[in-house]
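S.K.: Pasting a structure below so you can have a look.
The values are calculated or read from the model by the stated rules, or taken from the named source; none is laboratory data. Keep in mind that what you see is a predicted model, and the values were worked out from it rather than measured. In this analysis, Cβ positions are derived from the backbone assuming ideal geometry, glycine residues included, and neighbour counts consider all displayed protein chains.
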Amino acid sequence: MSTLALLGLQWGDEGKGKIIDHLAADFDVTVRFQGGGNAGHTVVVDGQKYVLHHVPSGILQPGKTAYIADGTVLDVETLLEELEALERAGVDAEGRLLIGWGTHLVMPYHKELDAAAESGAGEDRIGTTRRGIGPCYADRRARLGVRFRDLFRPATLLERLRKSLEEKNVLFQRLYDRPAMDAGELCERYRSLGARLSGMGRHTPSWLGEALERGRSVLFEGAQGTLLDADWGTYPFVTSSTTSVSAVAQGTGLPPRAVDRVLGVIKAYTTRVGRGPFPTELEGPEGEHLRRRGDEFGATTGRPRRCGWLDAVAGRYAVALNGADGLVLTKLDVLTGLDEIRVCTSYGLEEGFSPDPEDLADLSLSFRTFPGWREDISRAQSPSDLPEACLRYVRGLEPLLGAPVRLVSVGPERRQVFEME
Ligand code: IMP
């Protein structure tokens, strides 16, 4: 098998970083293809915790190539901080990191606009990560973006910044009561930041296409989750990129058939950060149990995550949308100690599922209840190490979600994962 896409099936934070790290050992190249610094992929190796926002988690496997492809939006300052942190931890990333020439850059004005819009929106806010993601993708489509290749063409960079700032400076001064930004200053600052990344630029469809032709294997690392997809998620409470499988082709320039296999990552319960519908949310002690035991606080923003039961209605939708061939079930250990575990099996809607917040406001949910278990499962290395009730839960999810569980994760460490036979 030469290519595999790994995608989140919920509202992000499914534990993809750790699974990518596990799978990356078997792939030559790991590619991020959408999203930006809003992602916070956490990997723990021998007690050392890494939080990666831009660099594909595959970088932690020695000798492997990590590729930031054009469909992402890149905050150069965050990337440089990340590279320094990796270097301090003894990971030599710079020689193994490549960046697509067409990758759009998140500029300081994108972050300012994101924060200003959120602060001014009151109850209508989305609850974004304030990393400038929405304004950067908006500029991309409005043809006002600055791209990675522009960092190395000073005249173009200045011209692009001037054009992009024309309207924004009016907004800053007249609407948001903030100082205007200067294109010349930004141009100098970004040229000097960019100098440290020179040598990493590549034309993505050619580079990846050739790698595949030469028989190299490629792992596509999704960020956020399917329910945050700009088109198919719970709009408008979504991120601004496509987070489902079609983003692989769109963000790399490879044809859709370049994806051989799709694995969907789903947490054994559900979490969400930011605002928006969450049908199975638990506000009482069970929600608190999940938040505390699952350490459910944002890797990027530190915000407490909202927690609830696994939603198999939304999960089934996400499996279908991505054509997932199999599932990776994460954080199963967090459920240990609960008397019973519930899974939502119906919204009581005629159409089964709807991503529309108004449809989701008033549902009659049905649940299937599974008995809980008390045994510690954090050292399990095969399905036979799981208590009967736990195994029944894992197997019970397969028909509800419409795909087989291939991998199970039972803790944050690299070794706490095993294959289902
Ligand atoms: P943005 O992507 O920063 O614009 O935020 C839009 C929505 O997506 C907010 O609800 C965020 O909390 C959510 N979001 C963005 N990135 C992530 C992520 O990596 N994990 C979980 N939620 C995310």
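S.K.: Looking only at region 174-197, which residues are part of a loop (DSSP other than H, G, I, E, B) and of a type in the set (S, T, Y)?
M.R.: Within region 174-197, Y176 is the sole residue that qualifies.
S.K.: Within region 301-311, does at least one residue satisfy the condition of being closer than 23 Å to A403 by Cα and more than 16 Å from the ligand (Cβ to nearest atom)?
M.R.: Of all residues in region 301-311, those closer than 23 Å to A403 by Cα come to 308-311.
From the residues that got through so far, the ones that are more than 16 Å from the ligand (Cβ to nearest atom) too are 309-310.
Checked against the condition, which is being closer than 23 Å to A403 by Cα and more than 16 Å from the ligand (Cβ to nearest atom), region 301-311 yields at least one hit.
S.K.: Using beta carbons and a limit of 6 Å, which pairs, at least six apart or on different chains, have the first residue in region 159-181 and in contact (Cβ under 8 Å) with a residue 40 or more places away in the chain and under 13 Å from M107 (Cβ atoms) and the second one part of a helix (DSSP H, G or I) and among the hydrophobic types (A, V, I, L, M, F, W, C)?
M.R.: Listed pairs, sorted by first residue: L161/A183; L161/L186; L161/C187; L165/A183; M181/L165.
The rows are residues; the columns are (1) in contact (Cβ under 8 Å) with a residue 40 or more places away in the chain; (2) out of contact with any Cys (no Cβ under 9 Å at 6 or more places or on another chain); (3) closer than 19 Å to A230 by Cα.
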residue: A116; (1), (2), (3): yes, yes, no
residue: G120; (1), (2), (3): yes, yes, no
residue: T128; (1), (2), (3): yes, yes, yes
residue: P135; (1), (2), (3): no, yes, yes
residue: R140; (1), (2), (3): yes, yes, yes
residue: L144; (1), (2), (3): no, yes, no
residue: F148; (1), (2), (3): yes, yes, no
residue: R153; (1), (2), (3): no, yes, no
residue: L157; (1), (2), (3): no, no, no
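S.K.: Which number in (1) at pLDDT 95 or above; (2) within 14 Å of the chain's Cα centre (by Cα) marks the one condition that V51 misses?
M.R.: Every condition holds for V51 apart from (1).
S.K.: Hey, among G122, G90, G132, G127, which residue is touching an Asp or Glu at 6+ places or on another chain (Cβ under 7 Å) and among the small types (G, A, S)?
M.R.: Every option except G132 fails the conditions.
S.K.: Another one. Does any residue of region 376-389 turn out to be part of a strand (DSSP E or B) and either without any contact (Cβ under 8 Å) to a residue 24 or more places away in the chain or not β-branched (V, I, T) (or both)?
M.R.: Scanning region 376-389, I find no residue that is part of a strand (DSSP E or B) and either without any contact (Cβ under 8 Å) to a residue 24 or more places away in the chain or not β-branched (V, I, T) (or both), so the answer is no.
S.K.: Taking region 372-390, which residues are surrounded by 18 or more Cβ atoms within 10 Å (Cβ to Cβ) and out of contact with any helix residue (DSSP H, G or I) (no Cβ under 6 Å at 6 or more places or on another chain)?
M.R.: Scanning region 372-390 gives A380, L386, C390.
S.K.: Next question. State whether the residues of region 236-245 include one that is away from the ligand (no atom under 16 Å from the Cβ) and not polar (S, T, N, Q).
M.R.: Yes, region 236-245 has at least one match.
S.K.: Return a yes/no flag: does region 79-91 have any residue that is part of a strand (DSSP E or B) and more than 19 Å from D139 (Cα to Cα).
M.R.: The answer is no, given that none of the residues of region 79-91 is part of a strand (DSSP E or B) and more than 19 Å from D139 (Cα to Cα).
S.K.: Residue check: is A247 at pLDDT 95 or above, buried (at least 24 other Cβ atoms within 10 Å of the Cβ) and in contact with a His (Cβ under 9 Å, 6 or more places away or on another chain)?
M.R.: When the stated conditions are applied, A247 does not pass them.
S.K.: Another question, then. Identify the residue in region 112-144 that is assigned to a loop (DSSP other than H, G, I, E, B) and more than 16 Å from the ligand (Cβ to nearest atom) and, among all such residues, is farthest from R189 (Cα to Cα).
M.R.: Looking at the filtered set, the residue picked out is R143.
S.K.: Scan region 92-111 residue by residue and report those that are under 19 Å from the mean Cα position of the chain (by Cα) and in a loop (DSSP other than H, G, I, E, B).
M.R.: T103, V106 - these are the residues of region 92-111 that are under 19 Å from the mean Cα position of the chain (by Cα) and in a loop (DSSP other than H, G, I, E, B).
S.K.: Among the numbered criteria (1) within 14 Å of the ligand (Cβ to nearest atom); (2) assigned to a loop (DSSP other than H, G, I, E, B); (3) out of contact with any strand residue (DSSP E or B) (no Cβ under 7 Å at 6 or more places or on another chain), which one does G215 miss?
M.R.: Answer for G215: the failing condition is (1).
S.K.: Out of all the residues in region 7-42, which are assigned to a strand (DSSP E or B) and either away from the ligand (no atom under 14 Å from the Cβ) or surrounded by fewer than 24 Cβ atoms within 10 Å (Cβ to Cβ) (or both)?
M.R.: Matches in region 7-42: V29, T30, V31, T42.
S.K.: Between a first residue in region 393-421 that is in a helix (DSSP H, G or I) and a second residue that is β-branched (V, I, T) and surrounded by fewer than 18 Cβ atoms within 10 Å (Cβ to Cβ), which pairs have beta carbons less than 7 Å apart while being 6 or more apart in sequence or on different chains?
M.R.: L400/T345
S.K.: Out of all the residues in region 260-278, is one or more farther than 30 Å from D359 by Cα, more than 11 Å from the ligand (Cβ to nearest atom) and at pLDDT 95 or above?
M.R.: Scanning region 260-278, I find at least one residue that is farther than 30 Å from D359 by Cα, more than 11 Å from the ligand (Cβ to nearest atom) and at pLDDT 95 or above, so the answer is yes.
S.K.: Now a separate question. Select from region 356-375 the residues that are at pLDDT below 95 and either in contact with a Pro (Cβ under 6 Å, 6 or more places away or on another chain) or assigned to a loop (DSSP other than H, G, I, E, B) (or both) and list them in ascending order. Quick ask: steps written out before the conclusion?
M.R.: Applying the first criterion (at pLDDT below 95) to region 356-375 yields 361-362.
Correct list: D362 only.
S.K.: Going through region 65-102 one residue at a time, which ones are in contact with a Ser or Thr (Cβ under 7 Å, 6 or more places away or on another chain) and free of Cβ contacts under 8 Å to residues at least 60 places away in the same chain?
M.R.: Selection gives A66, I68, R96.
S.K.: Oh, and also: Residue check, C390 against (1) at pLDDT 95 or above; (2) over 28 Å from the mean Cα position of the chain (by Cα), all met but one. Which one?
M.R.: Only one criterion is unmet by C390, namely (2).
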